[in-house]
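Down below is the structure, laid out as structure tokens.
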Amino acid sequence: MADIFKEVEEDLRRDKAADWWKRNSLYIYATAAVVVLGVAGYQGWRSYDEKLRGEQSDSYAEALRLIESGDQAQARQILEALSDPAGSGYPLLAALSEANLAAEMGDTATAERIWGELAGNGSASPAVSDLGTLYAVMRRMNDGDAAALRGELRPLTAPDGPYRFTALELLAALALRQGDTAAAREHLTAITDDPAAPAGSRSRAAELLASFPG
């Protein structure tokens with residue numbers, strides 16, 4: 001009988017994790033996007049080649065204009081032509097935008113391929129390469145191997161990591177997916193107890209912690 005209650009409790013925890021992820025995943029994506037836009041913009045400004053600056057910046061600006069006007073297909077063609085996940089400057093910025101646009105259009109295979117290449121870009125700043133890892137993990141949160149995902153996320157929780165709090169949220173969600181409330185509580189408490197944590201991350205962590213039994 002005790003085993004039955006234990007199974008029911010674990011199922012409830014998994015349902016709670018799925019519900020939490022469903023309600024909050026967009027906010028987590030947005031948090032990471034804010035960081036990448038700032039970093040990639042700086043990369044684009046700092047690393048461009050003088051000879052190609054005008055052409056590349058004009059192409060990227062045109063892609064953004066098309067996205068704003070709703071012509072995602074045409075914007076994606078421009079971004080794909082400019083994109084280079086292993087490069088720097090505008091090609092790197094275009095790769096980030098192409099991956100996000102592909103994901104929004106439902107082409108997760110292309111998005112994951114680009115994020116994987118970004119994660120392996122040894123010449124990019126950690127904020128860019130780590131973002132590739134983060135987005136690749138996000139896309140596999142519901143059905144990916146939990147142990148493998150944890151292994152990819154742990155390096156991102158370093159004290160000076162730009163995505164530390166997002167990675168901790170994802171680790172908590174993975175723990176709940178496996179019914180490990182103790183591990184989830186540890187990750188979430190690390191967020192709520194850190195004054196440097198963004199308000200959104202702290203609020204989501206506190207909300208989930210409050211739902212835990214005693």
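The values are calculated or read from the model by the stated rules, or taken from the named source; none is laboratory data. None of these values were measured; they are calculated from a predicted model. Here the Cβ positions follow ideal geometry from the backbone for every residue, glycine too, while neighbour counts run over all protein chains shown.
Residues that are β-branched (Val, Ile, Thr) and either touching a strand residue (DSSP E or B) at 6+ places or on another chain (Cβ under 8 Å) or under 30 Å from GLU207 (Cα atoms) (or both): does the stretch 71-80 have at least one? Before the answer, list the steps.
As a first pass, look at the stretch 71-80 and keep what is β-branched (Val, Ile, Thr): 78.
So of that shortlist, the ones also either touching a strand residue (DSSP E or B) at 6+ places or on another chain (Cβ under 8 Å) or under 30 Å from GLU207 (Cα atoms) (or both) come out as none.
Scanning the stretch 71-80 turns up no residue that is β-branched (Val, Ile, Thr) and either touching a strand residue (DSSP E or B) at 6+ places or on another chain (Cβ under 8 Å) or under 30 Å from GLU207 (Cα atoms) (or both).
Working only within the stretch 163-207, note down all residues that are of a type in the set (Asp, Glu), in a helix (DSSP H, G or I) and surrounded by fewer than 18 Cβ atoms within 10 Å (Cβ to Cβ). Working first, answer last.
Keep residues of the stretch 163-207 that are of a type in the set (Asp, Glu), which gives 169, 180, 186, 193-194, 207.
Add one more test, that the residue is in a helix (DSSP H, G or I), and what stays is 169, 186, 207.
Those that are of a type in the set (Asp, Glu), in a helix (DSSP H, G or I) and surrounded by fewer than 18 Cβ atoms within 10 Å (Cβ to Cβ): GLU186, GLU207.
Identify, from the list GLY120, GLY179, GLY151, the residue that is over 14 Å from the mean Cα position of the chain (by Cα), at positive phi and not charged (D, E, K, R).
Values: GLY120 fails: at positive phi; GLY151 fails: at positive phi.
Checking each option against the conditions leaves just GLY179.
The number of residues in the stretch 38-63 that are at pLDDT 80 or above, touching a Ser or Thr at 6+ places or on another chain (Cβ under 8 Å) and either of a type in the set (Asp, Glu) or closer than 21 Å to TYR135 by Cα (or both) comes to 0.
Contact map, the stretch 168-180: residues that are under 12 Å from ALA205 (Cα atoms) and among the charged types (D, E, K, R) paired with residues that are assigned to a helix (DSSP H, G or I) and at pLDDT below 90, Cβ distance under 8 Å, separation 6+ or inter-chain. Pairs shown: GLU169/ASN24; GLU169/ILE28; GLU169/SER201; GLU169/ARG204; GLU169/ALA205.
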